[in-house]
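The structure under discussion appears below in the form of structure tokens.
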Amino acid sequence: MKTISSVVEQYIKKKPFLQTALAQGIINLTSLSRQVKPEIESQLGKEVRNGAIVMALKRLSDDLEFRATHRIVKVLKNIGEITVRSSLTDYTFLISDTILKHQGKLLEEVNRNQDVFYTSSRGVNELNIVVSNSLNPVVERTFQGERLTQKAENLSSITVKLPAENVSVPGIYYFIFQRLAWEGIVLYEVISTTNEFTILVDEQQVDTAFSVIKDLKSL
């Protein structure tokens, strides 16, 4: 049986930004209840008082999201080093029978230049390569016979070291990426390992993105 509380909770869960703003107490619950009332009544098939919706919203903001956010904030306070690199290029190639051979040749060049940046990730249909701009001629020569679908230059990367417990707390990446989205940060790539992740952004946005991530440690 549907209740006002369960229907309100499901409605809020479908709107992540609203859910976080509600937990932070920056939304007028009375105004919000009037806005969501038609949908709540539609779900329940009956009229609902605004006061009942307000109470459901208050319980939700005090309980569910608070507990989840508390665990996330505890992890984020222990973020390790944050490393920024600039002058990067992002290449995307379609997977082919020869792509790994060409990637091997590129790695040989990277090993001879320890100061350059290189990272790669492979999906089902695409291979992504991020390198220092100085390696662009090498990449384009080595992968000349491959199909390039996208190239973005003048990017910067931010690599974040996460505490080991990040794998046992849901919502860590959502919490971080939500704040980047609030600041209008466009993510070209997200590359992660177990305890760290790297985002690729336009060089014009790297200072803002760095500040957002750094400020997470002082929540």
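Here, each number is a calculation from the coordinates, and none is a lab measurement. Everything quoted here is computed from the prediction, not taken from an experiment. Here Cβ is always computed from backbone atoms with ideal geometry, including for glycine, and neighbour counts include all displayed protein chains.
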If we ask which residues in the stretch 187-206 are part of a loop (DSSP other than H, G, I, E, B) and either in contact (Cβ under 8 Å) with a residue 60 or more places away in the chain or touching a Leu at 6+ places or on another chain (Cβ under 9 Å) (or both), their number turns out to be 4
Could you list, in sequence order, the residues of the stretch 137-158 that are crowded, with 16+ Cβ neighbours inside 10 Å and not acidic (D, E)? V138, V139, T142, F143, L155, S156, S157, I158
Answer yes or no as to whether G184 is surrounded by fewer than 16 Cβ atoms within 10 Å (Cβ to Cβ), at positive phi and not in a strand (DSSP E or B). yes
Those residues that are surrounded by 15 or more Cβ atoms within 10 Å (Cβ to Cβ) and not aromatic (F, W, Y), I need them from the stretch 193-219; list them, please. E196, T198, I199, L200, V201, D202, Q205, V206, A209, V212, I213, L216
Answer yes if at least one residue in the stretch 160-167 is farther than 14 Å from V84 by Cβ and among the β-branched types (V, I, T), and no otherwise. yes
Conditions: (1) more than 16 Å from K77 (Cβ to Cβ); (2) aliphatic (A, V, I, L, M); (3) surrounded by fewer than 16 Cβ atoms within 10 Å (Cβ to Cβ). A164 meets all but one. Number of the miss? (1)
